[in-house]
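Heads up: the structure comes next, in structure tokens.
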Amino acid sequence: MKTVLVTGGAGFIGSHTCVELLNEGYDLVVVDNLCNSDACALDRVQEISGRTLDFVRADIRDSAALNDIFSRYSINAVVHFAGLKAVGESVAEPLKYFDNNVNGTVVLLQAMQRHEVFNIVFSSSATVYGDPASLPIKEDFPLAAVNPYGRTKLIIEQILFDLGKSDSRWQSVLLRYFNPVGAHPSGLIGEDPNDIPNNLMPFIAQVAIGRLQELSIYGGDYATPDGTGVRDYIHVVDLAKGHLAALSHIVQTPGTVAYNLGTGQGYSVLEMVKAFAAAADKPVPYKIVARRPGDAAQCYADPALAAEKLGWRAELGLERMMEDTWRWQSQNPQGYRQ
Ligand code: NAD
Ligand code: UFG
């Protein structure tokens, strides 16, 4: 398991995972088309870790480019982050999502099969649980997609289950992420959305730095303690370490297995706003508006299976999530585009 191909390694979660993989001694090849990221993130990954990685700017749907990578490097495993992730865009442009995420993964898996690389860790999402009937969410809960983005994750999961059944050499770990937030403690890498953020944490951070005026809180009348939505926010460094655990586990466990990566603890939007304002020592102006269609009231993981089987659990609490997000945002007010 020495050499790992990281698809989408220049992105938010990918860049943090590259740091942890390099620190652990893995050699890395990153493939990314930079459609939602900046190559500068990879320079910073190398700065933080004091190690180098090889970067190939290519699209995972480019079969020839992938063949070239698998021919040139002796890849042992793939950690597959590359994908589009904006829920609203996926509703407006479903074909873009099916092509990029599903077709992209099929092209990647074909290249892997051709070169006899059968180990993959896949970035799935809590979105595959749809609107869960009860909480906390366990891995054996029924799966459902509520939008095209979620459907791409579900289809890719099913492809990996089918592959595992077809050939026992395939070993896949599906990591179902809850809500990744935070940034590396160096403040050198973090989340840098291209447009106005869809997600809560980067939105709050951009309000605090003055790039956005005010947060709109989507709904104050949910059946939650303070009426605002509750989510399982997980520090991206903890999440990144979950991939190390998955890679060690993959060698021991044939077949396809899914794990929740979450903390098991839910926080409301108002709790997040308050905690961020305290960490940044800045007010975060907000107003409560109508609910966002498709949002669940609450969503949080049962992380017990990952603890038992992977020996992994999240360690960083809310305060660190906020401090690290603020360090990244205040040191890089315009993200990577300085
Ligand atoms: P991100 O957009 O920051 O990173 C994705 C990376 O993939 C980007 O660098 C992008 O340029 C690259 N990419 C996209 N399509 C590509 C293609 N066809 N070929 C090559 N590169 C391509 O997103 P992220 O937050 O780091 O998410 C990583 C993965 O985790 C995604 O698959 C996402 O769906 C999944 N995920 C993210 C969240 C979240 O809230 N951030 C939650 C659950 C799951
Ligand atoms: N929220 C606001 N205002 C905003 C943005 C979000 O009030 O401007 C609220 C939402 O209503 C929700 C909470 O903040 O209650 C979190 O919202 P996010 O958009 O940050 O995250 P979601 O839980 O809606 O979804 C995210 C990803 C999905 C993924 C899911 C589970 O966007 O792709 O986590 O992993 F599927």
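The values are calculated or read from the model by the stated rules, or taken from the named source; none is laboratory data. Treat the numbers as computed from the prediction; the structure is a model and nothing was measured. Backbone-built Cβ (ideal geometry, glycine too); neighbour counts: all protein chains shown.
Scan 307, 314 and give me the residue that is touching a strand residue (DSSP E or B) at 6+ places or on another chain (Cβ under 6 Å), within 22 Å of residue 243 (Cβ to Cβ) and among the small types (Gly, Ala, Ser).
So the residue among 307, 314 that is touching a strand residue (DSSP E or B) at 6+ places or on another chain (Cβ under 6 Å), within 22 Å of residue 243 (Cβ to Cβ) and among the small types (Gly, Ala, Ser) is 314.
More than 22 Å from residue 189 (Cα to Cα) and surrounded by fewer than 19 Cβ atoms within 10 Å (Cβ to Cβ) - does that describe any residue in segment 233-247?
Checked against the condition, which is being more than 22 Å from residue 189 (Cα to Cα) and surrounded by fewer than 19 Cβ atoms within 10 Å (Cβ to Cβ), segment 233-247 yields no hits at all.
Counting just the residues of segment 189-203 that are near ligand 2 (Cβ under 8 Å from one of its atoms) and either over 18 Å from residue 127 (Cβ atoms) or touching a residue at least 60 places away in the same chain (Cβ under 8 Å) (or both), which one comes out surrounded by the most Cβ atoms within 10 Å (Cβ to Cβ)?
By that ranking, first place goes to 201.
Looking only at residues in segment 168-188 that are away from ligand 2 (no atom under 16 Å from the Cβ) and within 20 Å of residue 246 (Cβ to Cβ), which one is surrounded by the fewest Cβ atoms within 10 Å (Cβ to Cβ)?
168
Anything in segment 249-278 that is in a loop (DSSP other than H, G, I, E, B) and on the phi > 0 side of the Ramachandran plot? List them, or say none.
264
Just need a number here: residues in segment 211-225 that are more than 7 Å from ligand 2 (Cβ to nearest atom) and either without any contact (Cβ under 8 Å) to a residue 40 or more places away in the chain or under 26 Å from residue 130 (Cβ atoms) (or both).
7
If you go through segment 129-147 one residue at a time, do you hit one that is within 30 Å of residue 332 (Cα to Cα), under 19 Å from the mean Cα position of the chain (by Cα) and not small (Gly, Ala, Ser)?
No, every residue in segment 129-147 fails to be within 30 Å of residue 332 (Cα to Cα), under 19 Å from the mean Cα position of the chain (by Cα) and not small (Gly, Ala, Ser).
If you check 60, 48, which single one turns out to be touching a residue at least 60 places away in the same chain (Cβ under 8 Å) and aliphatic (A, V, I, L, M)?
48
What is the one condition in (1) within 10 Å of ligand 2 (Cβ to nearest atom); (2) in a helix (DSSP H, G or I) that residue 243 does not satisfy?
Answer for residue 243: the failing condition is (1).
The rows are residues; the columns are (1) in contact with a Gly (Cβ under 7 Å, 6 or more places away or on another chain); (2) buried (at least 20 other Cβ atoms within 10 Å of the Cβ).
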residue	(1), (2)
250	no, yes
254	no, no
261	yes, yes
270	no, no
321	yes, yes
326	no, yes
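Which numbered condition trips up residue 1, out of (1) modelled with pLDDT of 95 or more; (2) more than 9 Å from ligand 1 (Cβ to nearest atom)?
(1)
Given the condition within 13 Å of ligand 2 (Cβ to nearest atom), within 14 Å of residue 227 (Cβ to Cβ) and assigned to a loop (DSSP other than H, G, I, E, B), answer yes or no: does some residue in segment 279-291 qualify?
For segment 279-291, residues within 13 Å of ligand 2 (Cβ to nearest atom), within 14 Å of residue 227 (Cβ to Cβ) and assigned to a loop (DSSP other than H, G, I, E, B): present.
Checking residue 192 against (1) in contact with a Gly (Cβ under 8 Å, 6 or more places away or on another chain); (2) charged (D, E, K, R); (3) closer than 17 Å to residue 296 by Cβ, only one condition comes out false. Which one?
Unmet for residue 192, out of (1) in contact with a Gly (Cβ under 8 Å, 6 or more places away or on another chain); (2) charged (D, E, K, R); (3) closer than 17 Å to residue 296 by Cβ: (3).
In segment 158-184, what residues are within 12 Å of ligand 1 (Cβ to nearest atom) and closer than 22 Å to residue 99 by Cβ?
174
I need the full set of residues from segment 250-269 which are closer than 21 Å to residue 316 by Cβ and more than 19 Å from the chain's Cα centre (by Cα), in order please.
268, 269
What residue, among those in segment 188-229 that are among the aliphatic types (A, V, I, L, M) and more than 16 Å from ligand 1 (Cβ to nearest atom), is farthest from residue 338 (Cα to Cα)?
Of everything passing the filter in segment 188-229, 223 is farthest from residue 338 (Cα to Cα).
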